[in-house]
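The next block holds one structure in the form of structure tokens; read it before the comments.
Only the coordinates and a few stated rules stand behind these numbers; no lab work does. Just so you know, these numbers come straight off a predicted model, no measurement behind them. We place every Cβ from the backbone using ideal geometry, glycine too, and count neighbours over all the protein chains shown.
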Ligand SMILES: NC(=O)c1ccc[n+]([C@@H]2O[C@H](COP(=O)([O-])OP(=O)(O)OC[C@H]3O[C@@H](n4cnc5c(N)ncnc54)[C@H](O)[C@@H]3O)[C@@H](O)[C@H]2O)c1
């Protein structure tokens, strides 16, 4: 018997979800929903399932995945929790743009008897998992610091819709791009002690398109995340460099899929590079498998999600730097 699933919001990221679900014989899409009827109709035709334009009418899906614009996630996920008969609500990153909304959503979904499952697929990247296990094993000795650079490009087309570039629904480069890596450093290093940062709106949109932050974790690790979507013409790279007592490791590639540098005491460079055919990676496949397996501990924890959102909220909703 397949586990049934409905998708709400049939834009860019829905294609990755559809691909991940299609690759899993134990999952079946039973309904799709988009406020834009023609989008819903088109997806329903391709997937051979019914469609709707009001997510409150969805019935018979055990999982509902919320793939709508970011700032709408709290409202949409809560209404879905209240009105439908699903068990699990998967919500794309970020689940909210404000820490108090994220916190309230965990409570509200639980009150409706459902489970909220936030998407942060980077933590399922095999090289990130390997790094986490290595750090936890103690083989690197004390971890000193990290540098993470997310140097991407988003052209005017990206901003041409009704939500990208808006402070209220998009939130900016931290929420829309860097959030994956903010989650990753919570996953690797635990609780945050403090942070500071500065953003700029180089392109004149309402949001920061470029940002630089410095983080300090309770376990003593310090590091920086620099993110931008204003690289000239094309995505440049994502990189993560870790400096520890007994080693230096640099992951790079389209989305941390290559070990670019390796110098670790008593350990050969692992043969773990992998190919990805698009920037999202294959983590959504793993995420759905974890639901089927009941491995809910593999999802980002409430404290981690809320901590990340509070940080992004603090550093994104400052008075914007005008140049
Ligand atoms: N995990 C990742 O790597 C990743 C990558 C891209 C986007 N995302 C996230 O996915 C979300 C969607 O991004 P996108 O790029 O697909 O956006 P998009 O604009 O391409 O698609 C959003 C869709 O939601 C629909 N929608 C809006 N309100 C709705 C409602 N009330 N009911 C039903 N449908 C509604 C819109 O009509 C649109 O089709 C964002 O939160 C984004 O941050 C995650």
Discussion item. Would you confirm whether or not the range 23-44 contains a residue that is over 19 Å from residue 86 (Cβ atoms) and in contact with a helix residue (DSSP H, G or I) (Cβ under 8 Å, 6 or more places away or on another chain)?
Written reply: yes
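Kindly evaluate residue 251 against the criterion of being within 23 Å of residue 222 (Cβ to Cβ) and within 16 Å of the ligand (Cβ to nearest atom).
Numbers: within 23 Å of residue 222 (Cβ to Cβ): yes; within 16 Å of the ligand (Cβ to nearest atom): no.
Judged against the criteria, residue 251 is not a match.
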Item to complete: Could you check how many residues of the range 244-257 are touching a residue at least 24 places away in the same chain (Cβ under 8 Å) and either closer than 11 Å to residue 127 by Cα or surrounded by 17 or more Cβ atoms within 10 Å (Cβ to Cβ) (or both)?
Response: 7
Worksheet, complete the sentence: Checked against (1) assigned to a helix (DSSP H, G or I); (2) closer than 26 Å to residue 281 by Cα; (3) within 11 Å of the ligand (Cβ to nearest atom), residue 80 satisfies every condition except (2)
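Taking strands (runs of 3 or more DSSP E) that fall entirely within the range 114-211, which contain at least 1 residues that are within 16 Å of the ligand (Cβ to nearest atom) and within 16 Å of the chain's Cα centre (by Cα)? It would help to see each step written out before you state the result.
Details: elements: 115-118, 143-151, 192-200.
Of the strands (runs of 3 or more DSSP E) lying wholly inside the range 114-211, those with at least 1 residues that are within 16 Å of the ligand (Cβ to nearest atom) and within 16 Å of the chain's Cα centre (by Cα) span 115-118, 143-151.
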Worksheet item: What are the residues in the range 266-278 that are within 18 Å of residue 243 (Cβ to Cβ) and without any contact (Cβ under 8 Å) to a residue 60 or more places away in the chain, if any?
Response: 269
Worksheet, complete the sentence: Selection over the range 5-44 where residues are under 22 Å from residue 161 (Cβ atoms) and either over 21 Å from the mean Cα position of the chain (by Cα) or outside any helix (DSSP H, G or I) (or both) yields a count of 18
